[in-house]
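One structure is given here, and the rest of the page talks about it.
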Amino acid sequence: MSDQTGQSSSISQPGGVSRRNMLRAVGAGAAVVGGGGLLQACSSGIKGSSSSSAKAITIGWIHPLTGALAGFGAPDNWVISKIKQTTPYKSGFKIGGKTYPVTIKSYDTQSSPTRAGDLAKTAILSDNVDLLLASSTPETVNAVASQAESLGTPLICANIPWEPWYINLGGNPEKPTLKPKYVVMYFLGAEHLIKCFIPMWDRIHSQLHTNKVVAAAFPTTQTATRSARCSRRSPRPLATRWCCRRPTRTGPRTIRR
């Protein structure tokens, strides 16, 4: 699904600041508070904001709608369609006496990390988006995050374990001191996903009296690599043996813990 009908502008009001620069100033963190809070922050910092008309806000969503990762993006078109049915989207967001029309542009990565990065650059430099969203796997999100951080455009990331996202930006999950300037994300970590399975394994053992040997196979992806590491370190039920197939490009190998 692609909504490319609206073009946003980054032209400043005389003596004021551009909408994009204002969004950069408040930081992407303000965006997660909600659309109203974001627009209010934007409107309050633009010279001449007391007038009755306002420039449009353009949001770009970069996600996999086709290709190998299309399953992750399957609900996205439905989500966008529901947003477009809401009154604020149809009539504009009214903040501080002004009405801000909002346009959502959808960009299909076709499950390609290279294309995801190229789309982010196009959205920022050519389409002049004010805010980016990126979702579904490190292969999509990390390329977008790198572009957004380097080009100074607010980005919200989702549906990606935080560890590969953080590593991509130069951080160390073991000592998380790096604070990205323009990029934020909300999602679980690989260790949280692994821990979700432990109660299930306990219930299975209590009913079937298993030998408490757990086997796991991971493909060669950024998420899988981190998940394999976390699975070997995560707390496990007492006397459970962990049999993990580590992702490698030359073939899997079995590790018994």
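For region 66-100, which residues satisfy the criterion of being over 17 Å from the mean Cα position of the chain (by Cα) and surrounded by 18 or more Cβ atoms within 10 Å (Cβ to Cβ)? Once the filter is applied, which keeps residues that are over 17 Å from the mean Cα position of the chain (by Cα) and surrounded by 18 or more Cβ atoms within 10 Å (Cβ to Cβ), region 66-100 yields 93, 95, 98, 100.
Considering region 144-168, the residues that are aliphatic (A, V, I, L, M) and buried (at least 24 other Cβ atoms within 10 Å of the Cβ) include one that is farthest from residue 183 (Cα to Cα), namely 160. Within region 107-145, the set of residues being part of a helix (DSSP H, G or I), over 23 Å from residue 55 (Cα atoms) and of a type in the set (S, T, N, Q) comprises 114, 140, 142.
Read the figures in this text as sums done on the coordinates, not as results from a lab. As the structure is a prediction and not an experimental result, all values here were calculated from the model. Note that we place each Cβ from the backbone using ideal geometry, even for glycine, and neighbour counts take in every protein chain shown.
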